[in-house]
């Protein structure tokens, strides 16, 4: 791992390149754009062992332009299987020179220039993808799900999605995913900067659970970003899970709503009816009463 700070000079980034032939799993934390350009231009022939590349790119006065991304050679490393890109990645991932059919793990985090068609184009080529992590704000066009081809990720085992509440384009993305016959773990969150929760608002997570109901065993969600009815429907659709985790984001980011789900006695009774559930983790302050808790202690 090479941590890059705001004082890093080109000479240091250039020095790292001399070790590239030995890289197997490399991670750049908070690297400035001008320094990451050096990494992008490493010839693939100098990266014979590289299997995993992770980079969190910082905002800069000199962002990396689309042509530099599209001409980058680092993604053509012959053994590359895992790609994780976060931060100031101001390019559509479809322009990267990647042999997507070899990629087993893909993370695109905090990217603001991805379109639904381009993401579909990439995922259609990902024949052996086992892990997918997405936190993107899609850009136009927003096609209807009926116009999109069905994506079949038959090997996908773990999926993490942070959904932007104002981004309806995700609905077409979920609808076109098709079955996920190997999905074991689902982590679902929403951008907290959202409008008030409607009492009967449909949840995109329903589509994800329905696509993997036979294999899904681990679920992580933030209940406070769902309606009461939404959370109930979610649990009813994943009755076979063995691990359930209620996550929590910074409390100052939440928009209060009288329809928001509450971790209370009613929910506790619903959890107790899930026969396969082995572990329940709750980071959200519960409102269980002693009367309901005592019989199960």
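The values are calculated or read from the model by the stated rules, or taken from the named source; none is laboratory data. A quick note: this is a predicted structure, and the numbers were derived from the prediction, not measured. No Cβ is skipped: glycine too gets one built from the backbone with ideal geometry, and neighbour counts run over all protein chains shown.
Can you tell me which residues in segment 37-54 are touching a strand residue (DSSP E or B) at 6+ places or on another chain (Cβ under 8 Å) and closer than 14 Å to residue 71 by Cβ? Before the answer, list the steps.
Keep residues of segment 37-54 that are touching a strand residue (DSSP E or B) at 6+ places or on another chain (Cβ under 8 Å), which gives 39, 50-54.
Hit for segment 37-54 is 39, nothing else.
Can you work out which of the residues in segment 88-121 that are in a strand (DSSP E or B) and in contact with a helix residue (DSSP H, G or I) (Cβ under 9 Å, 6 or more places away or on another chain) is nearest to residue 161 (Cα to Cα)? Show your work before the answer.
Of all residues in segment 88-121, those in a strand (DSSP E or B) come to 105-111, 115.
Okay, now just the ones that are also in contact with a helix residue (DSSP H, G or I) (Cβ under 9 Å, 6 or more places away or on another chain), so 106, 108, 111, 115.
Values: 106: 12, 108: 10, 111: 13, 115: 16 Å.
The selected residue is 108.
Please work out if residue 181 is modelled with pLDDT under 70 and within 28 Å of residue 279 (Cα to Cα).
Working: modelled with pLDDT under 70: no; within 28 Å of residue 279 (Cα to Cα): yes.
No, not satisfied.
Kindly provide the set of residues from segment 61-80 that are out of contact with any helix residue (DSSP H, G or I) (no Cβ under 6 Å at 6 or more places or on another chain), more than 14 Å from residue 36 (Cα to Cα) and surrounded by 14 or more Cβ atoms within 10 Å (Cβ to Cβ), ordered by number.
Matches in segment 61-80: 80 only.
Please go through segment 37-76 and give me each residue that is within 18 Å of residue 88 (Cα to Cα), within 25 Å of the chain's Cα centre (by Cα) and outside any helix (DSSP H, G or I), ordered by number.
53, 54, 55, 56, 57, 58, 59, 60, 63, 64, 65, 72
When you scan segment 275-288, how many residues do you find that are in contact with a strand residue (DSSP E or B) (Cβ under 8 Å, 6 or more places away or on another chain) and either in a loop (DSSP other than H, G, I, E, B) or in contact (Cβ under 8 Å) with a residue 60 or more places away in the chain (or both)? Give the steps one after another, and end with the answer.
Taking segment 275-288 and keeping what is in contact with a strand residue (DSSP E or B) (Cβ under 8 Å, 6 or more places away or on another chain), we get 277-284, 286-288.
So of that shortlist, the ones also either in a loop (DSSP other than H, G, I, E, B) or in contact (Cβ under 8 Å) with a residue 60 or more places away in the chain (or both) come out as 277-278, 283-284, 286, 288.
Qualifying residue count for the region: 6.
If I ask for residues that are farther than 15 Å from residue 163 by Cα and surrounded by fewer than 21 Cβ atoms within 10 Å (Cβ to Cβ), which ones from segment 127-138 would you list?
Taking segment 127-138 as the starting set, the residues that turn out to be farther than 15 Å from residue 163 by Cα are 127-131.
Of everything in segment 127-138, those that are farther than 15 Å from residue 163 by Cα and surrounded by fewer than 21 Cβ atoms within 10 Å (Cβ to Cβ) turn out to be 127, 128, 130, 131.
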